[in-house]
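The values are calculated or read from the model by the stated rules, or taken from the named source; none is laboratory data. Predicted, not measured: the structure shown is a model, and the values here were computed from it. In this analysis, Cβ positions are derived from the backbone assuming ideal geometry, glycine residues included, and neighbour counts consider all displayed protein chains. Accessible surface areas use protein heavy atoms only, side chains included; no ligands, DNA or RNA. Shrake-Rupley method; radii C 1.70, N 1.55, O 1.52, S 1.80 Å.
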Amino acid sequence: MGIEIERKFLVDKEKWDQVTKEKQSLYRQGYMVSDPEKTIRVRLTDKEAFLTIKGLTVGASRQEFEYPIPVYEAQQLLDGFCDTVVSKIRYFIHHDNKLWEVDEFLGDNEGLMVAEIELESEDEAFSLPDWVGKEVTSEKKYSNSNLAKKPYKSWGKE
């Protein structure tokens, strides 16, 4: 069983604009199952594709199983089996020997940027880059599966 331990933070866009971006990739991901206890996702990047199954999040941890799949199959699954899809540019930034993944959302989630860091344990110490803002790990509305169902642009219409 795989365990993902991940913390999420909002991004200070003004400070982010000053960061040298090392590497980036366009992501398109769709959800075949999306409920609080389990998620089945198809992810297509610039070069590869994955089928990912995630369990219920407890704290910053959850079960995660991820399998590479052929790109053409991911495209078929996204187009034919996913009710909701999220598109984003993911940036990969190293800070103090840790990898940060920063998502700049597109489409109906445009304007939202979220930084994620994966940890070895929930109490692992790490330093925050100056472009990292408020922690939103426990705020479910920032999960990608929830953003697919209730996009960022609709939040002001609550």
Residue in the range 76-94 that is closer than 30 Å to Ala125 by Cβ and loosely packed, with under 13 Cβ neighbours inside 10 Å present: yes
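Can you tell me how many residues within the range 114-135 are open to solvent by less than 30 Å² (accessible area, probe 1.4 Å) and over 22 Å from Arg62 (Cα atoms)?
Final tally of qualifying residues: 3.
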Can you find even one residue in the range 74-94 that is under 19 Å from Ile3 (Cα atoms) and either of a type outside the set (Lys, Arg) or in contact with a Lys or Arg (Cβ under 7 Å, 6 or more places away or on another chain) (or both)? no
Inside the range 147-158, can you point out the residues that are in contact (Cβ under 8 Å) with a residue 60 or more places away in the chain and touching a helix residue (DSSP H, G or I) at 6+ places or on another chain (Cβ under 9 Å)? Leu147, Ala148
Among the residues of the range 47-73, what is the count of those that are of a type in the set (Gly, Ala, Ser) and either open to solvent by 40 Å² or more (accessible area, probe 1.4 Å) or over 30 Å from Ser138 (Cβ atoms) (or both)? 1
Which one is most open to solvent (accessible area, probe 1.4 Å) among residues in the range 1-27 that are assigned to a strand (DSSP E or B), under 20 Å from Phe126 (Cβ atoms) and of a type in the set (A, V, I, L, M, F, W, C)? Ile3
Just one of Val71, Val58, Val102, Val33 is free of Cβ contacts under 8 Å to residues at least 40 places away in the same chain and within 25 Å of Asp123 (Cβ to Cβ); which is it? Val58
Condition first: crowded, with 20+ Cβ neighbours inside 10 Å and farther than 17 Å from Thr45 by Cα. Now tell me which residues in the range 101-111 satisfy that. Asn109
Taking the residues in the range 33-46 that are crowded, with 19+ Cβ neighbours inside 10 Å and of a type outside the set (A, V, I, L, M) as candidates, determine which candidate is farthest from Ser138 (Cα to Cα). Arg43
Quick check on the range 70-91. Is at least one of its residues of a type in the set (A, V, I, L, M) and either farther than 27 Å from Lys150 by Cβ or touching a Cys at 6+ places or on another chain (Cβ under 6 Å) (or both)? yes
